[in-house]
1. All but one of (1) at pLDDT 95 or above; (2) farther than 23 Å from residue 235 by Cα; (3) outside any helix (DSSP H, G or I); (4) not polar (S, T, N, Q) hold for residue 91, so report the exception by its number.
2. How many of the residues making up the stretch 232-242 are in a loop (DSSP other than H, G, I, E, B) and exposed (fewer than 15 other Cβ atoms within 10 Å of the Cβ)?
3. Any chance the stretch 76-88 includes a residue that's of a type in the set (D, E, K, R) and touching a Gly at 6+ places or on another chain (Cβ under 9 Å)?
4. Just a yes or no: is a residue in the stretch 247-256 free of Cβ contacts under 8 Å to residues at least 60 places away in the same chain and assigned to a helix (DSSP H, G or I)?
5. Just one of the numbered conditions (1) part of a loop (DSSP other than H, G, I, E, B); (2) under 23 Å from residue 179 (Cα atoms) is not true of residue 85; which one?
6. What do you reckon, is residue 134 farther than 27 Å from residue 201 by Cα and in a strand (DSSP E or B)?
7. If only one of 79, 112 is small (Gly, Ala, Ser), more than 20 Å from residue 15 (Cβ to Cβ) and surrounded by fewer than 19 Cβ atoms within 10 Å (Cβ to Cβ), which one is it?
8. So, in the stretch 4-36, exactly how many residues are over 21 Å from residue 251 (Cβ atoms), surrounded by fewer than 24 Cβ atoms within 10 Å (Cβ to Cβ) and in contact (Cβ under 8 Å) with a residue 12 or more places away in the chain?
Amino acid sequence: MPIAHVTGAAQGIGKAIALRLAKDGHDIAVSDLSIKSEDLELTRKSIEDLGVRAVALTGDVTDPESVHNLVTDTADQLGALNIMVANAGVAQTKALLDVTPDEYDRVHAVNGRGVFLTYTEAARQMIKQGTGGKIIGASSIAGHKGFPLLGIYSSSKFGVRALTQAAAQEWAEHGITVNAYCPGIVDTHMWVEVDRDLGAINNVEKGESMKAMAAGITLGRVSTGEDVAAYVSFLAGPDSDYMTGQSNLIDGGMLFV
């Protein structure tokens with residue numbers, strides 16, 4: 001089976017994706033920041049319990065050398081890199097007029113630069129191997145519509161869509177497909193933080209902001225990491241071989257575009 005690497009896999013959507021791909025039979029490399037190494041190790045053990053090989057690697061997706069090492073260490077330890085999931089990301093909830101240049105740079109460093117570095121290093125490894133591959137990135141519903149108080153986050157996720165389209169066209173000749181997934185409201189730690197920050201700004205109780213946003217979901221509930229992981233499983237498998245350059249919504253029916 002192919003070998004996959006999932007960044008930002010210590011918790012949340014990344015962990016759910018890693019476990020789903022392991023259930024699909026893939027050997028998995030998982031990575032995250034060193035400060036999350038304990039949680040990352042738990043992810044690795046959970047993957048191994050599913051009967052596949054797993055390695056845990058620490059690194060920073062904003063640093064070129066670090067991303068290079070994540071890719072080469074995956075290939076060295078597991079034998080190849082066939083699927084790269086650029087999942088690592090951060091959110092920010094703040095009015096645009098209050099955002100500092102440093103805050104803007106921080107969000108775009110992870111969500112934009114980090115995806116760019118992960119995409120390109122994975123592509124170099126796949127081209128070197130000569131057997132094609134699948135590159136999958138994390139966008140968002142905020143990559144299809146800019147949301148108030150999430151403006152900088154939205155702009156970074158729009159960028160992922162553009163990068164995905166360009167990469168798909170440039171690397172098709174090498175047998176590499178490039179697609180992205182666009183979750184809506186997901187029951188993860190990140191969205192708990194968004195709810196907290198929105199509540200502080202709008203002076204409402206904990207949980208009320210997420211409840212208000214969730215009211216617009218056609219299917220009547222927020223999503224789980226497993227909902228997102230199911231779609232990534234499709235992107236990582238052979239049924240998506242004729243699909244590239246797409247950034248599809250997995251939001252339960254929040255946006256219709």
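1. (1)
2. So the first thing to find is which residues in the stretch 232-242 are in a loop (DSSP other than H, G, I, E, B), and the list is 237, 241-242.
From what's left, exposed (fewer than 15 other Cβ atoms within 10 Å of the Cβ): 241-242.
Matching residues across the stretch 232-242 total 2.
3. Initial filter on the stretch 76-88 (of a type in the set (D, E, K, R)): 76.
Among the residues that remain, those that are also touching a Gly at 6+ places or on another chain (Cβ under 9 Å) are: none.
Checked against the condition, which is being of a type in the set (D, E, K, R) and touching a Gly at 6+ places or on another chain (Cβ under 9 Å), the stretch 76-88 yields no hits at all.
4. First, pick out the residues of the stretch 247-256 that are free of Cβ contacts under 8 Å to residues at least 60 places away in the same chain: 253, 256.
Subsequent filtering for residues that are assigned to a helix (DSSP H, G or I) retains none.
The answer is no; no qualifying residue exists.
5. Going through (1) part of a loop (DSSP other than H, G, I, E, B); (2) under 23 Å from residue 179 (Cα atoms) one by one, residue 85 breaks only (1).
6. Numbers: farther than 27 Å from residue 201 by Cα: yes; in a strand (DSSP E or B): yes.
It is true that residue 134 is farther than 27 Å from residue 201 by Cα and in a strand (DSSP E or B).
7. Working: 112 fails: surrounded by fewer than 19 Cβ atoms within 10 Å (Cβ to Cβ).
That would be 79, the only listed residue that is small (Gly, Ala, Ser), more than 20 Å from residue 15 (Cβ to Cβ) and surrounded by fewer than 19 Cβ atoms within 10 Å (Cβ to Cβ).
8. Selection size over the stretch 4-36: 8.
The values are calculated or read from the model by the stated rules, or taken from the named source; none is laboratory data. These numbers come from a predicted model, not from an experiment. Every residue, glycine as well, gets a Cβ built from its backbone with ideal geometry; the counts of neighbours run over all protein chains shown.
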